[in-house]
1. Assign unit charges at the C-beta atoms only (+1 for Lys and Arg, -1 for Asp and Glu), then state the dipole size of the chain relative to its Cα centre in Debye, rounded to the nearest 20.
2. Mind giving me the nanometre distance, one decimal, between the label points for residue 119 and residue 44, set 7 Å out from Cα along Cα→Cβ?
3. Suppose the Debye formula is applied to equal point scatterers at every Cα of region 1-128; what is log10 I(q)/I(0) at q = 0.12 Å⁻¹?
4. For helix 112-138, report the angle its Cα long axis makes with the longest principal axis of the Cα atoms of the chain; keep it between 0 and 90° and round to the nearest 10°.
5. Do you know the relative contact order of the chain, to the nearest whole percent, from alpha carbon pairs under 8 angstrom that are 6+ apart?
6. On full extension of the chain, what length is gained from residue 140 through residue 66, given 0.36 nm per residue of separation minus the C-alpha to C-alpha distance?
7. Please compute the per residue accessible area over the chain with all protein chains in place, 1.4 Å probe, rounded to a whole number of Å².
8. In whole Å, how far is the Cα centre of region 1-33 from that of region 46-101?
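The values are calculated or read from the model by the stated rules, or taken from the named source; none is laboratory data. Please read all numbers here as calculations on a predicted model, not as lab measurements. Cβ: placed from backbone, ideal geometry, glycine included. Neighbour counts: every protein chain shown. Side chains are part of the model used for accessible areas, which takes the heavy atoms of the whole protein and leaves out ligands, DNA and RNA. Shrake-Rupley method; radii C 1.70, N 1.55, O 1.52, S 1.80 Å.
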Amino acid sequence: MKPEFRVSARVAKPVSAVFDAVVNPETLSAYFTTLGGASAPLVAGTTVLWWGDVPVDVAEVIPDSRIVLHWDGPRAADGTATYKTRIEMNFTALDGDATLVTIAETGWHEDVQGQRSAYINCEGWSQMLSCMKAFLEYGINLRAGYYPSELNGEPARAPLVDDE
């Protein structure tokens, strides 16, 4: 089975506000990349840092519609990235000034490392959508203390995996 996933959430805000909550580093840093922040806006052809040291390559930005990113896939036991995965975010206007956000991540190798990483990232993107919804609709930062590592001031990270 190919390791890939798609997660979605309805956010009761207009597409422009929801899209901005992802591309705007100040807003993204308020609910998702809270430790270390986001270094710059998402602009096609650039690389930004999330959480202070995670490079995110911005491949495509279509305002109020779609964002395509690439970032490092699984890290080997020595900490080096083995390849990049592709993240596609789509923003669809719904009735009542609401937005459906769909995030899909693909490109993992079909091995144990790829399966583990896809599973972990599926959890992370689902959590991102929940935090975005709570922040935009109610002004609540769910991310604070969400992961135990963050209570110690360390961003949540996927564990290193041994070559298998």
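1. I would put it at about 340 debye.
2. 3.7 nm
3. The calculated log intensity ratios at q = 0.12 Å⁻¹ are -0.45.
4. With rounding to tens, the tilt is 20 degrees.
5. Averaging sequence separation for qualifying contacts and normalising by length gives 27 percent for the chain.
6. The span from residue 140 to residue 66 would gain 24.1 nm if fully extended.
7. That works out to 50 Å² for each residue.
8. Rounded to whole Å, the Cα centres lie 10 Å apart.
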